[in-house]
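What follows is a set of notes on a single structure, which appears directly below.
The values are calculated or read from the model by the stated rules, or taken from the named source; none is laboratory data. Worth saying up front: this structure is predicted, and the values here are computed from it rather than measured. Using ideal geometry, Cβ is built from the backbone for each residue, glycine included, and neighbour counts are taken over all protein chains shown. Surface accessibility is based on the protein's heavy atoms, side chains included, excluding ligands, DNA and RNA. Shrake-Rupley method; radii C 1.70, N 1.55, O 1.52, S 1.80 Å.
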Amino acid sequence: MPEELVESIKERVDARGVSGYVAAAAAHQDAMDRLRELAGRLQEEHGAVTDDEQQAALDRVAAIDGWHDERRSHSDEAA
């Protein structure tokens, strides 16, 4: 690993140290790689996601976020 990168990491890590930081980064990269593989298999099996399907998913996520925000707001008012 380049020393410049190690020094940069050392500047921002906490008690877990460089090895903990690198282990977390490797676990994250592994998860991303596995998600890409899954996405590829799903696309082969079901075809590409259309723009309409993508927008519908984004709209659903926004609605769920709004619902959570509203519940959080009511919870804050009750406290």
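Could you grab me the full set of residues in the stretch 54-79 that are open to solvent by 100 Å² or more (accessible area, probe 1.4 Å) and of a type in the set (D, E)?
Matches in the stretch 54-79: E70, D76, E77.
Would you mind listing the helices (runs of 4 or more DSSP H) fully within the chain where at least 2 residues are of a type in the set (S, T, N, Q) and modelled with pLDDT under 95? Even if it seems obvious, please write down each step before you answer.
On the way: elements: 3-10, 17-46, 51-78.
Hits in the chain: 51-78.
List, please: which pairs have Cβ atoms under 7 Å, are six or more places apart or on different chains, and start with a residue in the stretch 6-21 that is at positive phi and end with one that is assigned to a helix (DSSP H, G or I) and open to solvent by less than 100 Å² (accessible area, probe 1.4 Å)?
Close Cβ pairs (under 7 Å, with a partner that is assigned to a helix (DSSP H, G or I) and open to solvent by less than 100 Å² (accessible area, probe 1.4 Å)) do not exist here.
Considering only the stretch 51-79, state which residues are under 28 Å from A39 (Cα atoms) and of a type in the set (G, A, S).
Passing the criteria: A56, A57, A62, A63, G66.
Filter the stretch 30-53 for residues that are closer than 30 Å to M1 by Cβ and open to solvent by 90 Å² or more (accessible area, probe 1.4 Å); which is farthest from the chain's Cα centre (by Cα)?
First pass over the stretch 30-53, keeping only residues closer than 30 Å to M1 by Cβ: 30-40.
With the extra rule that they be open to solvent by 90 Å² or more (accessible area, probe 1.4 Å), the set shrinks to 34-37.
Numbers: R34: 13, L35: 11, R36: 13, E37: 16 Å.
That would be E37.
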